[in-house]
Each structure stands twice: as C-alpha cells, then as structure tokens.
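As structure tokens, the structure follows; a few thoughts come after it.
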Amino acid sequence: MIIAGGPWQMALIRRASDMGLRTVVTDRSPDAPGRAVADVFHCIDMHDVGGLLRIARDERVDLVISDQTDRAVPIVARLNAALELPGIRPETALRFTNKKAMRRALQGAGIPLPRHTTAGSLDEARSAAAKLGYPLVIKPLASQSSIGVFRIDDERQLVARFDACRAESGGEILIEEYIDGPEITVEGMAIAGRHHILAISEKAHYPELPCVAFRLAYPAHLNGEMDRTLSAIADRAIEARGLIDGLTHAEYRLRDGTPYLLEVAARGCGHGVVSTIVAHASGVDVYGVLLRRLMGEDVDLPPLRRRAGLLEFFRLRPGRVRAVRGLEEARRRGLAHCIHLPLAPGDTISPPTNDTDRGGYFIVLDETRQAVETKADEIRQLVQVVCNEHRALTIALL
C-alpha cells in the first residue's frame, strides 16, 4: 500500500510492480498519476487514517510505504503500528518530522546544531532573536518544501514574516541562528538500524531566496577530512533517532570545518532525486533494496559507485511568456535525463516563494561532475523563454 500517488511516487509504484508486488495506491486526487499504474487505486485523503486502515485491512496489505513527502511519514507510521507491519513507527516518525522533537532527540549525541529555540508569539520571537542575534532562520515545527521558512536579517523582517511562518506551524515556530556557509545534502538508507550514505550533493540557493534551493549537484567536492567528518556525523544523526529501515535525506551547512545539521528526513529527496540521481550515482537499486528489506529479506548493498548527477531548476525572470525556444533541441540532443518546463505563450512567470513553485527543472546524469556541468551549460544556452517586449531571457545562472 503506497500512500500518495503523485509524480514523485511513480518510481516507487513501478518498482514495486516490477518486483511482482500487488500495488494499492491511495491519493486524495482522483486524477493522481499513480492511478494509471496501480493495481488498485483508492481516492482518499491521507489524513483519513481510519479510512486508510479499513482499506488496508480489506486489501490485506503486507507493507505500507511512501516516499519523497514528509507529510506521509507520520501517516505511514500510524498505519504500520495499527496493523503491526514492518517499517517506521510513530515515535520515530515524530523525531524525523517535528523540528523540536528532532533536536531534542539529538541532545548528547555529539551532532553540531545551530543555536536554536522555539517561540509561540511575536514577543517571544523578538526575545529569542535578541539572544541569538541576526541573521536567523524561522521555520514551522512541522512542514515541508521550505514552506513558511524564512531567513530574517532584522526585526522588521521578523515582524513581517512571523505570522506566515506560524500559520504553517499552528503554534510554536523554530528560531535558529543562520549558518553562513555552503550547504550539503546527504542521501542515505538505514538497514537493520545501521545507516549507509549513498550520495552527497552541493546545494545552491536563489540569492534573493536563501532558504530555497535551485540546484543540487552530485557528488559534492569535499576534501578527505571533511568527507570523513560529515559521514561520521551523518550516520550518527540517523542512528541516534532510531530509524531501523528506511531512506534518509539530510541537509547540513559547513562553517569553519564543522558540518551543522539543519534538517533530516525519513524519506528520499524529492523531485525524483532519490529515484533517479541517487540510484544512478550510487549504483544501488534504492527502492528494490528498501522493499526487499521491509519484506524481511537480508539485504547487502553493492559496492557504491560515485557517478554524477544534477537537479537544476530553471531560473526565470518574472513576466508574461511569449515563446519557449530550444526545448525540443535540448531533448533531441539527449543532454538531460529529463527536462520539465511547463510553460506556454500567455503564461505568467511569478517569482518562487518555496520549493513547490520553482517552475521547470532538468536532471542530468553522467559519469563525472565535469560531464554533468558541461551538459547543464549547453541546456542553459539552448533553452530560452521569450517574455514581454520580445526580449529573449536566457535561462542561466544569474
């Protein structure tokens, strides 16, 4: 039983089907793409746990799983506990989806964290900011896709952004110091309580939106000492939270030779990163290994590869679209594993505000970072969006 049948669950559904498993997919949208590839589809909101339990029992499911969405993690955990199925449990899910619980679970584990606190009111937030100092970051305690997450440089911004952050949290928000340094993501998998790192990326953010990324490039260029330090901390951060079996995605910032943990999730990185880039870069059949493990098999990872991959979002200036050029040529030349740019004449381009509205993107796969970067450069040169007064706006790193 796969909770959510959106585009980012398609690879999981297909892999389960390829393994001969009967797939029961649930989604609140009757038009979810997972409906077309599932053996059985039920249109139901994931928060209707009672309804999902009835479906699971009626369908006699042996596994409940989801991926690439934090919102489904606690739901899957509740179903697993109620049905006594293998997989994540509610107490573990809380430590991976609630930022306050996440940080409490790491106390005494030797994991470097930004200085942080919580606040339930604007006055409490002002007091916390005075102690932590600007710049800082405010975050909902439980959300995803950078929704409600803001970098705050002064009290004026704190006042302006506080309500939007708290609206996503429903109460307290997290306030933490801003770590100024390069951001790294770590993709991994827990097997029988031991964490295994599969791939590490360098992450780049929009200059005007420092909490929203537009690019993840694998593998990260790290020196040997930093690679060892980060790896040890990343493994400990997962194992200290008690994840027995499952995929992981964590984000760190590096400052003065120290990796500071920002977030860690009990699911794979979204936008197809885990199912496409991580599988290619590591050489691991990620979903196949996970499903076999949850079915009770003893699994071993193969020797890891270190191939390259890149997810990049097109950086488009706001305006009204007149034409899109070069897209088919880029596809014809096979520069990308996939290119998604859903724009047509008359569409309006608005600035992104979080991970859900970043517009089109492309994924590039190859053997080396140099080869990946070369292809990405060619895509940016080829693909143009013509807006407003017939100006050609090249999609490029600005």
Q | Qualifying residue in segment 61-69 (condition: farther than 21 Å from ILE191 by Cα and either under 20 Å from the mean Cα position of the chain (by Cα) or free of Cβ contacts under 8 Å to residues at least 40 places away in the same chain (or both)) | A | no
Q. What single numbered condition from (1) closer than 30 Å to SER17 by Cα; (2) more than 24 Å from the chain's Cα centre (by Cα); (3) surrounded by 17 or more Cβ atoms within 10 Å (Cβ to Cβ) fails to hold for ALA128?
A. (1)
Q. Taking segment 155-187 on its own, how many of its residues are more than 25 Å from PRO112 (Cα to Cα) and assigned to a loop (DSSP other than H, G, I, E, B)?
A. 2
Q.
All but one of (1) within 30 Å of MET189 (Cβ to Cβ); (2) without any contact (Cβ under 8 Å) to a residue 60 or more places away in the chain hold for GLY346; state the number of the condition that does not hold.
A. (1)
Q: Inspect segment 136-147 for any residue being more than 23 Å from ALA266 (Cα to Cα), in contact with an Asp or Glu (Cβ under 8 Å, 6 or more places away or on another chain) and touching a residue at least 24 places away in the same chain (Cβ under 8 Å) and give the result as yes or no.
A: yes
Q. So is GLU329 among the acidic types (Asp, Glu) and either buried (at least 21 other Cβ atoms within 10 Å of the Cβ) or farther than 30 Å from LEU209 by Cβ (or both) or not?
A. no
Q: Considering only segment 99-119, state which residues are at negative phi and not aliphatic (A, V, I, L, M).
A: LYS99, LYS100, ARG103, ARG104, GLN107, PRO112, PRO114, ARG115, HIS116, THR117, THR118
Q | Odd one out for GLU172, checked against (1) assigned by TED's automatic domain parsing to the domain that holds ALA240; (2) within 23 Å of THR97 (Cα to Cα) | A | (1)
Q: For segment 133-147, name all the residues that are crowded, with 22+ Cβ neighbours inside 10 Å and more than 23 Å from PRO74 (Cβ to Cβ).
A: LEU136
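Consider GLU251 carefully, then state whether it is under 17 Å from the mean Cα position of the chain (by Cα) and under 18 Å from ALA199 (Cα atoms).
Yes.
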Q) Going by the conditions given, is ASP300 more than 30 Å from GLY110 (Cβ to Cβ), out of contact with any Phe, Trp or Tyr (no Cβ under 7 Å at 6 or more places or on another chain), modelled with pLDDT under 95 and of a type outside the set (A, V, I, L, M)? A) no
Q: Within segment 136-150, count every residue that is part of a loop (DSSP other than H, G, I, E, B), of a type in the set (Val, Ile, Thr) and closer than 17 Å to TYR178 by Cβ.
A: 1
Q: Quick one: count up the residues across segment 253-268 that are under 28 Å from PHE314 (Cβ atoms), modelled with pLDDT of 95 or more and out of contact with any Phe, Trp or Tyr (no Cβ under 7 Å at 6 or more places or on another chain).
A: 3
Q) How many residues are surrounded by fewer than 18 Cβ atoms within 10 Å (Cβ to Cβ) and under 25 Å from the mean Cα position of the chain (by Cα) if we restrict to segment 36-60? A) 8
Q: Among the helices (runs of 4 or more DSSP H) lying completely within segment 253-333, list those that include at least 1 residues that are in contact with a Pro (Cβ under 8 Å, 6 or more places away or on another chain).
A: 279-282, 286-294
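For the subset of segment 354-391 comprising residues that are modelled with pLDDT under 95 and closer than 20 Å to GLU208 by Cα, which member is surrounded by the most Cβ atoms within 10 Å (Cβ to Cβ)?
ARG358
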(Q) So, in segment 196-232, exactly how many residues are assigned to a loop (DSSP other than H, G, I, E, B), over 20 Å from the mean Cα position of the chain (by Cα) and among the aliphatic types (A, V, I, L, M)? (A) 1
**Q.** Subset tally (residues that are in contact with a strand residue (DSSP E or B) (Cβ under 7 Å, 6 or more places away or on another chain) and either charged (D, E, K, R) or free of Cβ contacts under 8 Å to residues at least 60 places away in the same chain (or both)) for segment 254-279
**A.** 2
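The values are calculated or read from the model by the stated rules, or taken from the named source; none is laboratory data. Predicted, not measured: the structure shown is a model, and the values here were computed from it. When we count neighbours, we look across all protein chains shown, and the Cβ atoms used for this are built from the backbone with ideal geometry, even at glycine.
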